Structure formats: C-alpha cells, structure tokens
Amino acid sequence: MSVDNEPSVEVHALRAGRFTLPERFFVHPASENAKRTVPSLSFLIQHVNRASITTRIVFDLGLRHPSTNYPIPIQRHLETRQPMTTEPDIVQSLAAGGLSTDDIDYVIYSHVHWDHIGEPKAFGKSTFVVGPGTSSLLENSSSLRGSHSFFEPNLLPASRTIELAPVIGASEKVTFTDMSTKNEVMPDFTQSWVPYGSLPRVMDIFRDGSVLIVDAPGHLPGHINLLIRTGASKYTYLAGDACHDRRIMRREREIGEWHDKHGHVCCIHTDKKQAEKTIELILQLESQGVEVILAHDVEWEEKPENQARFFGASYQTPIERSF
C-alpha cells in the first residue's frame, strides 16, 4: 500500500479507563451472566510535516473522570457497567509521557457515546473533529433505544468544533502520493470524501497519505475510524466501535441483539446490517496486513508485546491491578 519514502506518523495507545460489558448485549451467542472487563482505548497520533511542524491528535478521550461528572442518566447506566475505573484517565496518560492537554492540537471523536467522550472541557485549546451528522445526533437522539444512548447537547465547544462534510457520494479514486506535493502546515478537514482501495470514503487530512479519516457507518451516526501509516508499508487501523469483540471478527460470534422492556429488538449498532458491511471492509484490510485495534480491544491490550506501545508505559497501572 506504500513505498519506503512515504511519510508516516507515530501512534501511541493511551489508557482511558476500563469498564465491564455484559456479553449478551454485544455478541451472540452469550450466556445471560457472561461479562468481560475491557479498556476504553484512546490514541495519540503525532505527525511531522515537511516544515518540521508537529501536529498532535488524540483519537477518542475514553471515560470521564470522575464519573460523577456525567449527566444523571449516564450515571444510572454506569451501574450496569461495573466494575469500572476511570483512572488513569486521558489527562493522566498524556502526562505520563510528558504532555498536557494544551499540547493537543485536535481531538477526533470516533463517535459520541459516553465511553469515548471523556471530559472535553479539559482540552481547552484543542479543536474537536466529529463525523457527519454528529451535531444533529447531539441535538435530537430520542429515536435511539438503549440506556447507553444518552447524549449531551452542549458536549462540544461550538467555536472549536469541525463537523466533517456530509457523505453524499465520492469522486473518482485517487492516489494520495499524487496529492502530497502540497506542503500543508495544518491538516485539512474541509475535504470531500473519496474512495481509497477497498474503502468507499476517506479523507487524507495531511494530503500525504499518512492519516486517513474513514467513514465507518453502522454503529452510530457520525462514526469514523482512522487508517494510519506507521512505517514503510505498515498501517494501523483504529476501528473505534465498528466492532466490540475480536470473536466477531474471527466469525466465532455474531453481533448481539436483545429485547428492551417494551419488547423492541435492540442492538448496540443503530444499523446492524451496515455495521456488518463495515466489519467486512475492516477484515479486508486486516487480510492485507493492516493492524486493526478496536476501542475496547482487551485481547490487543493483554498482549505483552503491546505494553510498550502505551504512551509513558512505565507509569501505567498494570492490567491485573486495575480494580
């Protein structure tokens, strides 16, 4: 997918809390009482352009610390997600590597569910970037089912938020190395969506192919992922909540559904069929050697070789001591 002289970026994982998922809401089949404690992973992306200017992006902010700062409806929902910890939070994890929130130029949200939004007020100098349709979702989400689907209308600072262009189709396929002659000082989030390989809609924000925002529909309106070049012919795909469990990607489980108290069929994805299509596209990337990391990827987190990939790794609390 690339050649050796193409630009790449540094990516570090950030711990941003852990909580417990009742499996029956996420995978099928699952026993009634099966639970799995998972991380809420965030990521630090550092890009250096041709002018040696560094842009720092954080992808997702994880859990809010303290959790009592969530609105009451979310606090009630959290009672079903215990055990849970909000430490280290995103601020502590950045500090472990020597950065403060003031050092972060952009916060890109994969989507605005409670376990990804953190505390945006802590990032008082950052510009927030969200997928198309997010503002409408924050203003009116009453059609969504499930206690997890509560959103804060005033979550985002209006003067420092960019909502990506609506998805209305894509132009002809492009080769990003052909676009990289422009020496952009700052990333461009005003582009239209274009196809790239098997992906129908992406944005090349640095115009050098190093960081691609990927439209990843199915989970929630505005859900986006990142495809990042981390070295010569090496890519990492940050999948957000496109999939919640590795067993689904291995076809050992299917996406779960449940009935609410009114008898309605519910799913963690607002459009299950579209979510399945997005997962298939991600599996194609994985088959090509792209590393895929899910937002709640407990299997990735538990691999010993990945511990050094956390920013400020020597500070982080060992997994087994999280509770």
What number in nm² do you get for segment 228-273 if you take the convex hull of its Cα atoms and divide its surface by four?
-> 4.6 nm²
For labels at A158 and E276 in the simple 7 Å Cα→Cβ model, what's the distance in nm?
-> 4.2 nm
Would you mind computing, in nm to one decimal, how far apart the modelled labels at Q46 and R76 are, each placed 7 Å from Cα along Cα→Cβ?
-> 4.4 nm
Quick one: of K277/K303; K35/K272; K35/K273; K125/K277, which pairs are farther than 31 Å apart, Cα to Cα?
-> K125/K277
Name the aspartates and glutamates eligible as straight-distance cross-link partners of K121: C-alpha to C-alpha under 15 Å, and not fewer than 8 places from it in the same chain.
-> D60, D89, D102, D103, D105, E152
Label-point separation, T230 to N33 (7 Å along Cα→Cβ), nm | 3.8 nm
Divide by every residue of the chain the summed helix terms, -39500 (n - 2.57) for each DSSP H run of at least 4, and state the resulting mean residue ellipticity at 222 nm, rounded to the nearest 500 deg cm²/dmol.
-> -4000 deg cm²/dmol
Debye, to nearest 20: dipole size of the chain, +1 on Lys, Arg Cβ, -1 on Asp, Glu Cβ | 380 debye
Exposure rank, largest accessible area first [I72, I224; 1.4 Å] = I72, I224
Whole-percent carbon and sulfur share, accessible surface of segment 1-152, 1.4 Å = 45 percent
Using a 1.4 Å probe and ignoring any ligands, DNA or RNA, find the accessible area of M249 and quote it in Å² to the nearest 10.
-> 20 Å²
Is the shape of segment 205-323 rounded, prolate or oblate, going by the alpha carbon gyration tensor and its root eigenvalues a ≥ b ≥ c, with a/c under 1.5 for rounded and a/b larger than b/c for prolate?
-> oblate
Å² per residue, accessible surface of the chain at 1.4 Å | 44 Å²
With a 10 Å radius around each residue's Cβ, average the other Cβ atoms per peptide and rank 102-115, 259-272, 283-296, highest first.
-> 102-115, 283-296, 259-272
Roughly how many percent of the accessible protein surface of segment 205-323 is carbon and sulfur, given a 1.4 Å probe and a whole-percent answer?
-> 47 percent
What does the convex hull of the Cα atoms come to per residue for the chain, in Å³?
-> 134 Å³
Give the peptides 43-50, 76-83 in descending order of average Cβ contacts within 10 Å, highest first.
-> 43-50, 76-83
Could you tell me what fraction of 2.2 N^0.38 Å the Cα radius of gyration of segment 1-150 comes to, as a two-decimal ratio?
-> 1.17
Kindly state, as a whole number, the per residue volume in cubic angstrom of the convex hull around the alpha carbon atoms of segment 1-85.
-> 147 Å³
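The values are calculated or read from the model by the stated rules, or taken from the named source; none is laboratory data. Everything numeric in this text was worked out from a predicted model, so none of it was measured. Reconstructed Cβ throughout: ideal geometry from the backbone, glycine too, with neighbour counts over all protein chains shown. All accessible areas refer to the heavy atoms of the entire protein, side chains included, with ligands and DNA or RNA removed. Shrake-Rupley method; radii C 1.70, N 1.55, O 1.52, S 1.80 Å.
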